[in-house]
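*Asks:* Pasting a structure here, questions to come.
The values are calculated or read from the model by the stated rules, or taken from the named source; none is laboratory data. The structure presented is a predicted model; accordingly, all values stated were derived computationally and were not measured. For neighbour counting, all protein chains shown are included, and Cβ atoms are generated from backbone atoms with ideal geometry for every residue, glycine included. We work out accessible area using only protein heavy atoms, side chains counted, and drop any ligands, DNA or RNA first. Shrake-Rupley method; radii C 1.70, N 1.55, O 1.52, S 1.80 Å.
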Amino acid sequence: MTEQATAAGKAFMYTIGCQMNVLDSELALASLQGDGLSVVDNVKDADVLLVNTCSVREKAEEKAYSWLGRMKLLKRENPDIVIGVLGCMAQKEGQLIFRRAPYVDIVAGTAHFTKIDDYVRQVRATGKRILAIGRDEEVETERRLKARETRHSAFVAVMRGCDHHCTYCVVPNTRGMETSRPLEEIVEECKILVGEGTQEITLLGQNIDSYGKRLQPRRRTLSELLYAVSDVPGLKRLRFITSHPSDLKPELFAAFRDLPNLMPYLHFPAQSGSNDVLKRMRRGYTFDRYMELVTAAREAVPDIGLAGDTIVGFCGETEEDFERTVELHEKTRYQNAYIFMYSERDYTPAKDQGLADDVPFEEKKRRVNYLIERQREWSLAENQKHVGKTIEVFGEGPSKRDAARQEGRSPQNQIVIVGSGRDLTGQFYRAEITSATEAALYGRLC
Ligand code: SF4
């Protein structure tokens with residue numbers, strides 16, 4: 001490792017997976033910026049190449065490995081480049097990553113992303129690679145705000161890990177048991193963010209309804225947290241993800257009613273509509289219970305936008321089971337839903353208990369395509385309800401597809417596209433909705 005290699009440099013981060021990973025990537029890059037590195041968005045300009053990984057499906061892991069394969073070529077040209085793998089796959093695979101990709105220098109698990117600056121420094125100084133997947137240390141969540149790219153909106157992690165053991169899920173293995181951050185610390189961070197110009201905050205938790213369960217000296221609840229954060233002066237929009245139907249408490253709906261800056265959007269995955277499958281998934285609720293919550297949500301917040309996640313083709317799923325899932329989607333009227341085929345994962349209860357992945361691939365594909373097609377119709381119908389209305393939009397900037405248009409979000413978190421020559425990033429504006437697709441609302445500025 002030559003002398004200049006230990007000097008600062010440029011870092012590139014490729015993030016795969018959920019919003020929690022997006023936030024973790026931001027915190028990891030902040031630690032490097034604290035060390036004098038700058039962040040670049042082209043791998044060719046970087047001398048530190050990082051991928052923050054996801055293990056929820058095989059496809060996500062393969063994506064990380066194929067990216068690493070491409071980075072190997074850059075390292076062949078410049079051996080001083082440092083390559084690091086972070087996140088859930090790093091936590092789950094550990095040493096195996098070095099075997100499959102021997103040119104990787106750092107494997108850092110889900111409790112180590114804020115120490116990446118130390119690890120890069122060590123690799124540069126010693127040339128030795130680093131494996132850091134222990135989970136005995138506290139995740140350092142102190143945020144170096146100056147490092148943030150998007151100023152107008154921010155994710156704030158309120159807890160990490162999950163106590164549920166849904167049989168298909170690797171998260172409890174990769175992120176550990178639930179740990180909640182003190183309410184006061186979260187409120188303080190939100191105040192600083194708003195002081196920095198943030199107008200929309202999304203609170204993150206794998207299973208956010210059980211926020212505060214183990215906090216000392218006294219237990220806290222998600223509702224308490226929402227009331228406290230919503231009180232932060234200057235905060236225009238507050239959101240939270242992801243809910244769990246068996247932990248969701250009815251008092252939450254009162255918060256939607258009482259808090260004007262709490263946006264009417266609820267992401268609460270059902271995963272299946274069949275009681276037998278829900279039992280095998282160990283989700284802890286039934287079709288009827290889920291529909292009770294949907295009804296309660298719609299009664300308390302008539303204009304609420306509901307979003308879901310569904311796994312099709314789980315172990316033992318029959319055609320009748322699948323029809324119940326279709327029925328649940330039809331009755332819930334999701335605004336949008338993420339629908340996936342079951343992907344068997346190591347280190348999950350389903351694999352450990354030998355639950356057979358017995359739905360043939362072609363049948364899984366038929367079912368997932370069918371449900372996606374039907375859900376498109378329901379999403380379109382939900383979005384079309386907004387045609388003719390004038391709504392408030394929060395600007396996210398030029399549309400990714402058409403720079404002459406601006407993209408933003410409705411209170412229900414729908415994408416809203418309007419024509420405008422001005423950059424409306426971080427601004428609130430009103431739009432009259434003139435048309436809709438299953439994926440977005442289209443309108444004109446008022
Ligand atoms: S609630 Fe279930 S699916 Fe969600 S993170 Fe926890 S174990 Fe995974």
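*Asks:* If you go through segment 188-205 one residue at a time, do you hit one that is outside the structural domain of His112 (by TED's automatic domain parsing), within 16 Å of the ligand (Cβ to nearest atom), at pLDDT 95 or above and under 24 Å from Thr295 (Cβ atoms)?
*Replies:* No, that holds for no residue.
*Asks:* Which of the residues that make up segment 301-347 are open to solvent by 20 Å² or more (accessible area, probe 1.4 Å) and either assigned to a helix (DSSP H, G or I) or acidic (Asp, Glu) (or both)?
*Replies:* Passing the criteria: Asp303, Asp309, Glu319, Glu320, Glu323, Arg324, Glu327, Glu330, Lys331, Glu344, Asp346.
*Asks:* For segment 377-430, which residues satisfy the criterion of being touching a His at 6+ places or on another chain (Cβ under 8 Å) and in the same structural domain as His329 (by TED's automatic domain parsing)?
*Replies:* The one that is touching a His at 6+ places or on another chain (Cβ under 8 Å) and in the same structural domain as His329 (by TED's automatic domain parsing): Trp378.
*Asks:* Is it true that Lys213 is more than 21 Å from Phe314 (Cβ to Cβ), within 15 Å of the ligand (Cβ to nearest atom), open to solvent by 10 Å² or more (accessible area, probe 1.4 Å) and among the basic types (Lys, Arg)?
*Replies:* yes
*Asks:* Here are Gly17, Gly69: which of them is of a type outside the set (Ser, Thr, Tyr), touching a residue at least 60 places away in the same chain (Cβ under 8 Å) and open to solvent by 10 Å² or more (accessible area, probe 1.4 Å)?
*Replies:* Gly17
*Asks:* Could you list, in sequence order, the residues of segment 410-427 that are in contact (Cβ under 8 Å) with a residue 24 or more places away in the chain and open to solvent by 60 Å² or more (accessible area, probe 1.4 Å)?
*Replies:* Asp423, Gln427
Condition check ((1) at pLDDT 95 or above; (2) within 16 Å of the ligand (Cβ to nearest atom); (3) surrounded by fewer than 20 Cβ atoms within 10 Å (Cβ to Cβ); (4) not assigned by TED's automatic domain parsing to the domain that holds Leu23) across all residues:
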position: Pro217; (1), (2), (3), (4): no, no, yes, yes
position: Thr221; (1), (2), (3), (4): yes, no, yes, yes
position: Glu224; (1), (2), (3), (4): yes, no, yes, yes
position: Val229; (1), (2), (3), (4): yes, no, no, yes
position: Pro233; (1), (2), (3), (4): yes, no, yes, yes
position: Lys236; (1), (2), (3), (4): yes, no, yes, yes
position: Arg239; (1), (2), (3), (4): yes, no, no, yes
position: Ser246; (1), (2), (3), (4): yes, yes, yes, yes
position: Lys249; (1), (2), (3), (4): no, yes, yes, yes
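*Asks:* If you don't mind, another one. Would you pick out the residues in segment 261-279 that are out of contact with any helix residue (DSSP H, G or I) (no Cβ under 8 Å at 6 or more places or on another chain) and not aliphatic (A, V, I, L, M)?
*Replies:* Tyr265, His267, Pro269, Lys279
*Asks:* Touching a residue at least 24 places away in the same chain (Cβ under 8 Å) and of a type in the set (A, V, I, L, M, F, W, C): which single residue out of Leu32, Leu96 fits that description?
*Replies:* So the residue among Leu32, Leu96 that is touching a residue at least 24 places away in the same chain (Cβ under 8 Å) and of a type in the set (A, V, I, L, M, F, W, C) is Leu32.
*Asks:* So, restricting to helices (runs of 4 or more DSSP H) that lie completely within segment 34-128, which ones have at least 3 residues that are within 20 Å of Ala8 (Cα to Cα) and assigned by TED's automatic domain parsing to the domain that holds Ala8?
*Replies:* Because the criterion is at least 3 residues that are within 20 Å of Ala8 (Cα to Cα) and assigned by TED's automatic domain parsing to the domain that holds Ala8, the helices (runs of 4 or more DSSP H) in segment 34-128 that meet it are 58-77, 116-126.
*Asks:* OK, next. So, in segment 119-142, exactly how many residues are acidic (Asp, Glu) and at pLDDT 95 or above?
*Replies:* So the count comes out to 0.
*Asks:* Oh, and also: Among the candidates Lys115, Lys63, Lys59, which residue alone is surrounded by fewer than 20 Cβ atoms within 10 Å (Cβ to Cβ), touching a residue at least 40 places away in the same chain (Cβ under 8 Å) and in contact with a Cys (Cβ under 9 Å, 6 or more places away or on another chain)?
*Replies:* Residue meeting the stated conditions: Lys63.
*Asks:* Anything in segment 154-182 that is surrounded by 19 or more Cβ atoms within 10 Å (Cβ to Cβ), more than 9 Å from the ligand (Cβ to nearest atom), outside any strand (DSSP E or B) and of a type in the set (A, V, I, L, M)? List them, or say none.
*Replies:* Val158
*Asks:* Say we look at segment 281-293 and pick out the residues that are surrounded by fewer than 22 Cβ atoms within 10 Å (Cβ to Cβ) and in a helix (DSSP H, G or I); which of these is nearest to the ligand (Cβ to nearest atom)?
*Replies:* Among those that are surrounded by fewer than 22 Cβ atoms within 10 Å (Cβ to Cβ) and in a helix (DSSP H, G or I), it is Arg289.
*Asks:* Sticking with this structure for a sec: Within segment 355-386, track down each residue that is part of a helix (DSSP H, G or I) and open to solvent by 60 Å² or more (accessible area, probe 1.4 Å).
*Replies:* Phe361, Glu362, Lys365, Arg366, Asn369, Tyr370, Glu373, Arg376, Glu377, Gln384
*Asks:* So if I check each of Arg129, Arg124, which one is in contact (Cβ under 8 Å) with a residue 40 or more places away in the chain, farther than 20 Å from Leu23 by Cα and open to solvent by 10 Å² or more (accessible area, probe 1.4 Å)?
*Replies:* Unique residue meeting the criteria: Arg124.
*Asks:* Any chance segment 387-394 includes a residue that's touching a Ser or Thr at 6+ places or on another chain (Cβ under 9 Å), surrounded by 21 or more Cβ atoms within 10 Å (Cβ to Cβ) and in contact (Cβ under 8 Å) with a residue 60 or more places away in the chain?
*Replies:* Yes.
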